[in-house]
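The values are calculated or read from the model by the stated rules, or taken from the named source; none is laboratory data. Quantities reported herein were computed from a predicted structural model and do not represent experimental measurements. Note that we place each Cβ from the backbone using ideal geometry, even for glycine, and neighbour counts take in every protein chain shown. Just so you know, the surface numbers come from the protein's heavy atoms only, side chains and all, with ligands and any DNA or RNA stripped out. Shrake-Rupley method; radii C 1.70, N 1.55, O 1.52, S 1.80 Å.
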Amino acid sequence: MCSVTNIQQVKWQRHADMEKLKDIDAQIADAERAVSLLAERRRELINRLGLNKPDGPEAA
């Protein structure tokens, strides 16, 4: 049996998949920004606690 693919349905599915891809790319970009902000906050806390000093936090 032969099946005929509806061209309009294929076009719609491609469009829907492209939109999903855009959404996922945006979510990845948001996650990367969040990781960057968290790493910056972590560095600030490490500096404030003096954990990056060679003598340790007690010397700070």
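A few remarks follow.
- Residues that are open to solvent by 90 Å² or more (accessible area, probe 1.4 Å) and assigned to a helix (DSSP H, G or I), drawn from the range 4-20: ILE7, GLN8, GLN9, LYS11, TRP12, ARG14, HIS15, LYS20
- Residue that is surrounded by the most Cβ atoms within 10 Å (Cβ to Cβ) [pool: residues in the range 39-59 that are at pLDDT below 90 and part of a helix (DSSP H, G or I)]: PRO57
- Pair list, Cβ < 6 Å and 6+ apart or interchain, from the range 29-58 residues that are among the small types (Gly, Ala, Ser) to residues that are surrounded by 11 or more Cβ atoms within 10 Å (Cβ to Cβ): GLY50/PRO57; GLY50/ALA60
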